[in-house]
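Here's the structure, in structure tokens; my notes come after.
The values are calculated or read from the model by the stated rules, or taken from the named source; none is laboratory data. Computed from a predicted structure; not experimentally measured. Ideal geometry is used to build each Cβ from the backbone, glycine not excepted, and the neighbour counts take in all protein chains shown.
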Amino acid sequence: MNTAIAGALGAWEGLTARLRGVGQWLPPLVLRLVMGWEFFESGREKLYGDNWFAEIQDRFPFPFDHVPTGFSWQLSTWTELAGAVLLWLGLGTRFAAFALLFVTFVATAAVHWPDMLSMWGDLAKGYAITDMGYGNFKLPLLFVVMLLPLLFQGPGWLSLDALLARLLRVDAMPAPRFDARAWALAAALMGACFLMLLPTFGIALLAIAAVLLAAERLLRT
């Protein structure tokens, strides 16, 4: 019985090890290709389309509600186009993923978020891909979910980032760290994005990041 259990556990360990091995190549590549295509299409539509940001400028979060719409249009267009190409190449992947994540939060606030949240039902109705109103934030939420692994885990081995790391003789995938700085960094990155959609929550995340960094410094002294 013990031999059978040990054999089953060993088989499971081998299976998961192989899946994790392939997981460092295939899933990040698929995410990069898909998200690159989505943002390239969006950027190309803006590049050859008319600027409609003036119609919704009052819905943009600060400071973009005070920025000239022509500048916002160009900034969004080229962030999406450049970010898409960088994702495809796997070059500067984390920077590109964060930039596109930030753009997604801004777009969600301006276009996809419910105008009023008088009750949780309004938020539930907005979780849809329709033209029936209530914000329709399902698609940008899926974009966020797909960008987060690229931001936190990186582009995988099949990328220019990994190639450059090998050429520079640095570890492309260093061992994970779960210290206060790691959680502060995560809180700061997400806080910066949430400032565009839910400012109070964004400020809270930034405050948590500051507290974690301060606590870590105090513990070091």
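Tell me the residue from Ala96, Ala109, Ala128 that is assigned by TED's automatic domain parsing to the domain that holds Asp161, modelled with pLDDT of 95 or more and surrounded by 13 or more Cβ atoms within 10 Å (Cβ to Cβ), please.
Sole residue among the options that is assigned by TED's automatic domain parsing to the domain that holds Asp161, modelled with pLDDT of 95 or more and surrounded by 13 or more Cβ atoms within 10 Å (Cβ to Cβ): Ala96.
Would you point out the residue of the stretch 175-192, among those that are assigned to a helix (DSSP H, G or I) and out of contact with any Leu (no Cβ under 8 Å at 6 or more places or on another chain), that is nearest to Trp113 (Cα to Cα)?
Ala186
Contact list please: Cβ distance under 9 Å, first residue in the stretch 153-169 and closer than 16 Å to Leu86 by Cβ and not assigned by TED's automatic domain parsing to the domain that holds Arg32, second residue surrounded by 14 or more Cβ atoms within 10 Å (Cβ to Cβ) and of a type in the set (Phe, Trp, Tyr), pairs at least six apart or on different chains.
Within 9 Å, no pair qualifies.
Residues Ala172, Ala162: which one is assigned to a helix (DSSP H, G or I), among the aliphatic types (A, V, I, L, M) and buried (at least 16 other Cβ atoms within 10 Å of the Cβ)?
Ala162
For the subset of the stretch 73-91 comprising residues that are small (Gly, Ala, Ser) and part of a helix (DSSP H, G or I), which member is surrounded by the most Cβ atoms within 10 Å (Cβ to Cβ)?
Among residues in the stretch 73-91 that are small (Gly, Ala, Ser) and part of a helix (DSSP H, G or I), the one surrounded by the most Cβ atoms within 10 Å (Cβ to Cβ) is Gly83.
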